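A short worksheet on the structure shown next.
The values are calculated or read from the model by the stated rules, or taken from the named source; none is laboratory data. What you see is a predicted model, and the numbers here were worked out from it, not measured in a lab. Glycine also receives a Cβ, built like all others from the backbone with ideal geometry; neighbour counts cover every protein chain displayed. Accessible surface areas use protein heavy atoms only, side chains included; no ligands, DNA or RNA. Shrake-Rupley method; radii C 1.70, N 1.55, O 1.52, S 1.80 Å.
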Amino acid sequence: MNIADLNWGNDSAEKDPDLMEYFVDSDAYNRVKNLSKEIVIGRKGSGKSALRKRVERHFEGLKNHHIVSVCPKHNAFRSILNDPDLKKGFGQEIFFQQTWIRQLALDSLCLLGHSEKSSYCDGSMAFARDVSLQLNRTSKDFVENISEVLKSVKAKVGDLGEYGVSIEKELRNIADNDSLEHHLAEIAKSGAQIVFTVDDLDLGWDNSTTANNLLLGLLAAMNHLKSLTPNIHYVIFLREDVYEILLTKTQHSDKYRNCERIRWEKNGLVSVLNERINYNRKQHGLSSIENPFETVFPSTIGTSNTDNWLTERTLSRPRELIQFSRYYTESVTGEAPEIEVLKSSEKDYSSWKLDDLSTEYSNQYPNLSAVFSFWKTKFFRHKYHLSRAEVSGMILDILAECTINDQWFAEISDETDVNTMLRILYEIGFLGDFVLGGDGGSQTFYSYTGRHEPILNEVQIHPCFRKAVNTVDRIRLKKP
């Protein structure tokens, strides 16, 4: 099999029809499928959507289990966030909580009613069947749902504050949530296990007050529905940075601490590649082998084992490793691994990863890419290991000379706040905290590897960005 013929699969889990063929089970998957975790958080590209699909596949195979998958589209969220009434005061958490309850209950009842094959059913199941027939087997989308509730609210009051302390009761009446919840709970109590899976909440999210209230309302709605009966469950898949922001916006953060943080070690990341290589081998009529990685990649790069060298150039996320592998394999000409091709692929991968990082944080730090563009031209061929004085001087140049007309940067620039800028570069993973240990040892900590309070007396640019910002290849130590 020619290495260039390797198909690594689609970057998007939703668009990869073969994903389940090479999904790598993990402790995280086992905890989520056992419903011991309600929120799954991870950085972009860490495998949240892949995990969701695997969890849904698991429950689809279980008797009396009904999966309600909620994956809002980008345009839906943008329509909501651009609504002037929601921006001006109607877009409060309590409003979104009740509209989410209505949406989730209708989604569930449509699914349950459509699954009822018997010609004769009564009670709450008959209600669910009627809902399914009335809505043509699928409930209205969230935009239509919000529009209906908002229209009814505006017909009664000019502002949600006019409801006073009765706001929740009034919203529940308008949304007809008492009735919907009653029938949903009765069906669940009769033996139906209902599992909500929620993903893609960052699509259209812009870190505005309305956007954060929209997601906080969803969390509150899920908690409420789960409290109706032990047979209602939920698993929400959420980007880690979005999750951390939401916790600062609510007084009830303790309710949302039961989360699974997706973390990958080297062996797990290499397993992702091994499973996909063996799948390709089978597609080409070859047998699976124990360590197919060695048939595609050279064993070493310089003095490093290739598996270490590759994983060190990621932020410990499968998507990055797959993308790096794709750059490499598409340029190999035969069936044998090629060291020089792997080396030369690093620059293209590094540039892609730097652009990807800017996109990932475009809501919190718009035009962050301008900082990196300035960095790679102003500090061309600079070293990647920097003292506090060196990196502070570089940041001062950025604040003085880089033009970014966005509030986050203007505030830092006006205050000449080097510490905040340095902290941001650490939090997004661009810089690591280099710490000297005992007996001459040292370690570089990165924000994505776990809890660590950075000192930042010395820092290192992460290996996956060094080529993109034109650093020198190695640290040259001065001779005594």
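If each of residue 2 and residue 339 carries a label point 7 Å out from its Cα toward its Cβ, how far apart are those two points in nm?
Distance between label points: 2.5 nm.
Can you work out the accessible area per residue across segment 327-383, with the rest of the protein chains kept in place, probe 1.4 Å, in square angstrom? Provide the component values of the computation, followed by the final result.
Values: 2790 Å² over 57 residues.
Value for segment 327-383: 49 Å² per residue.
For the pair residue 263 and residue 168, how long in nm is the line joining their label points, each one 7 Å along Cα→Cβ?
Inter-label distance under the simple model: 3.6 nm.
Relative contact order for segment 346-480 using alpha-carbon pairs under 8 Å, separation at least 6, rounded to a whole percent? Please report the intermediate quantities before stating the final value.
Working: 163 pairs, mean separation 47.9, N = 135.
Value for segment 346-480: 35 percent.
If packing is taken as the mean number of other Cβ atoms within 10 Å per residue, what is the order of 197-205, 249-257, 374-382, 173-181, highest first?
On the way: 197-205: 20.9, 249-257: 12.4, 374-382: 15.2, 173-181: 17.1.
For the peptides 197-205, 249-257, 374-382, 173-181, the packing ranking is 197-205, 173-181, 374-382, 249-257.
So if we plug the beta-carbon distance of residue 299 and residue 74 into 1/(1 + (r/R0)^6) with R0 = 45 Å, what FRET efficiency do we get, rounded to 0.05? Numbers along the way, then the final one.
On the way: r = 43 Å, r/R0 = 0.96.
Computed FRET efficiency for residue 299 and residue 74: 0.55.
May I ask what percent, to the nearest 5, of DSSP beta bridges between residues of the chain are antiparallel? Working shown, then result.
On the way: 12 of 30 bridges.
That works out to approximately 40 percent antiparallel.
Compute the distance in nm between two label points, each set 7 Å from the Cα along the Cα-to-Cβ direction, one at residue 289 and one at residue 154.
Inter-label distance under the simple model: 6.6 nm.
Give the long-range amide H neighbours of residue 197: residues separated by 5 or more places, or on another chain, with amide H under 5 Å away, using H modelled in the peptide plane at 1.01 Å from N.
For residue 197, whose amide H was placed from the backbone, the distant partners under 5 Å are 68, 69, 70, 235.
Compute the length gained on full extension between residue 190 and residue 134: take 0.36 nm times their separation in residues and subtract their Cα-Cα distance, giving the result in nm to one decimal.
Numbers: separation 56, 0.36 × 56 = 20.16 nm, distance 2.34 nm.
Taking 0.36 nm per residue and subtracting the Cα distance, the gain is 17.8 nm.
What FRET efficiency, computed as 1/(1 + (r/R0)^6) with R0 = 51 Å and r the Cβ-Cβ distance, is obtained for residue 15 and residue 88, rounded to the nearest 0.05? Walk me through the numbers on the way to the answer.
Values: r = 38 Å, r/R0 = 0.74.
Efficiency, rounded to the nearest 0.05: 0.85.
I'd like the per residue volume of the convex hull spanned by the Cα atoms of segment 260-306, given in cubic angstrom.
On the way: hull volume 4.0 nm³, N = 47.
Given the Cα convex hull of segment 260-306, per-residue volume reads 85 Å³.
What relative contact order, as a whole-number percentage, does the chain give when Cα pairs under 8 Å and 6 or more residues apart are counted? Walk me through the numbers on the way to the answer.
On the way: 650 pairs, mean separation 90.8, N = 480.
Worked out over the chain, it gives 19 percent.
Putting +1 on Lys and Arg Cβ atoms and -1 on Asp and Glu Cβ atoms, find which of 364, 351, 380 reaches farthest to the positive end of the dipole of segment 345-399.
Of the options given, the answer is 380.
I'd like to know which of 182, 123, 150 lies farthest towards the positive end of the charge dipole of segment 123-198, counting +1 on Cβ of Lys and Arg and -1 on Cβ of Asp and Glu.
Farthest towards the positive end: 123.
Can you show me the helix-derived [θ] at 222 nm for the chain, built from DSSP H runs with n ≥ 4 at -39,500 (n - 2.57) apiece and divided by the number of residues, rounded to the nearest 500.
Calculated at 222 nm, the ellipticity per residue is -15500 deg cm²/dmol.
Dipole of the chain, Cα-centred, from +1 at each Lys and Arg C-beta and -1 at each Asp and Glu C-beta, to the nearest 20 debye? Provide the component values of the computation, followed by the final result.
On the way: 58 positive and 68 negative charges, 108 e Å.
Here the chain has a charge dipole of around 520 debye.
At a 1.4 Å probe, what is the % contribution of carbon and sulfur to the accessible area of the chain? It would help to have the intermediate numbers written out before the result.
Numbers: 10150 of 22650 Å².
Accessible surface attributable to carbon and sulfur in the chain totals 45 percent.
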